[in-house]
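Encoded as structure tokens, the structure appears first; notes follow it.
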Amino acid sequence: MFQLKDFYQSKEWLKLREVLMMERVNQNGELICEYCGKPITRAYDCIAHHTVELNEDNVNDVSISLNPEKIKLIHFRCHNQIHNRFDGLSQKVYIVHGAPCSGKSTFVREHANRDDLIIDLDAIYKALTLCETHEQPQRVKANVFGVRDCLFDMIRTRKGKWRNAWVISSKIALELERERELLGATLIHIDTDEETCLRNLYMHPEGRDTEDWEDYIRKYFERCTI
């Protein structure tokens, strides 16, 4: 039996999404958005959209929840347009996770709107210390995490009039389960490979200590394989 809040992380759903993405590639090797007709160039930008919106009453009806004929593959932004999610009627929470330098912040900038709430530890460090981006003075770590936890509590209780909340994280999926449940969030994995992350680091260092950040990237992928 599925609960709606857990359905999109279930092995049945994730496997079906993977199969549909492979089956619906056209003869040119492109996956085309079934809403706007443009290519979906990144796997994490692909949403499997139910044409019959899921709820607690029908999530266990596999003729709806796991029926390929009732699922369209579309862009993330197209999905938001379909559900009219930016009209202030609902507050969605997304945890955008992946390796350092994988493109998490870029994804959020591309999809967030001005009334959205964005939780990024780098930004909190900068706001509290005026240090350069990516500097993280350890003496203020407890304060930074205290601010983050306060914001988490606002998200958990849906306090405020923000439209959508985005949490940027470099934790791996297994480490995020508690936060996902706490916040009622959807996980979005920016699945950039290690080589590309390292290339991004050296092409756009942006004040980072590249040796330290190369170590962060390598350790992230080591955790993923454990």
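Taking a straight line from the alpha carbon of K92, these lysines sit under 18 Å away, with near neighbours fewer than eight places off in the same chain left out: K5, K104, K159, K161. Estimated from the Cβ-Cβ distance and a Förster radius of 30 angstrom, the FRET efficiency linking N26 and K92 is about 0.50.
Between the listed residues H83, Y35, I71, the Cα displaced farthest toward the positive end of the dipole of the stretch 1-83, a dipole computed from Cβ unit charges relative to the Cα centre, is found at Y35.
Whole-percent P(r), the stretch 88-226, all Cα pairs, 10 Å bins from 0: 11, 39, 39, 11, 0. Note on the chain: antiparallel DSSP beta bridges, both residues inside, total approximately 35 percent of the bridges counted.
Assuming charge only on the beta carbon of Lys and Arg (+1) and of Asp and Glu (-1), the dipole of the stretch 1-83 about its Cα centre is about 320 debye to the nearest 20.
With point charges of +1 on the Cβ of Lys and Arg and -1 on the Cβ of Asp and Glu, referenced to the Cα centre of the chain, which listed residue (H204, L128, T192) lies farthest in the positive direction of the dipole? Looking along the dipole axis, the top candidate is L128.
Rounded to the nearest 20, the size of the Cβ-charge dipole of the stretch 130-189 about its Cα centre is 300 debye, with Lys and Arg at +1 and Asp and Glu at -1. Charge dipole of the chain (Cα centre as origin; +1 on each Lys and Arg Cβ, -1 on each Asp and Glu Cβ, all else neutral): 620 debye, rounded to the nearest 20.
Between E18 and T157, the distance separating the two model label sites (each 7 Å from Cα on the Cα→Cβ line) works out to 4.0 nm. The alpha carbon centroids of the stretch 135-200 and the stretch 26-45 are separated by 28 Å. A simple count of charges around V144, restricted to other residues whose Cβ falls under 14 Å of its Cβ and scoring Lys, Arg +1 and Asp, Glu -1, yields 0. Please report the base-10 log of the normalised intensity I(q)/I(0) for the stretch 1-151, using a Debye sum with one equal scatterer per alpha carbon and no solvent, at each q in 0.13 (1/Å). Each listed q maps to, in turn, -0.77.
Largest first, the three principal axis extents of the alpha carbons in the stretch 1-83 are 39, 25, 20 Å in whole numbers. At full extension, E175 and C131 could sit 13.0 nm farther apart than now, given 0.36 nm per residue minus the alpha carbon distance.
Read the figures in this text as sums done on the coordinates, not as results from a lab. Small disclaimer: the values here were computed from a predicted structure and weren't measured. Methodologically, a virtual Cβ is constructed for each residue, glycine included, from the backbone with ideal geometry; neighbour enumeration extends over all protein chains shown.
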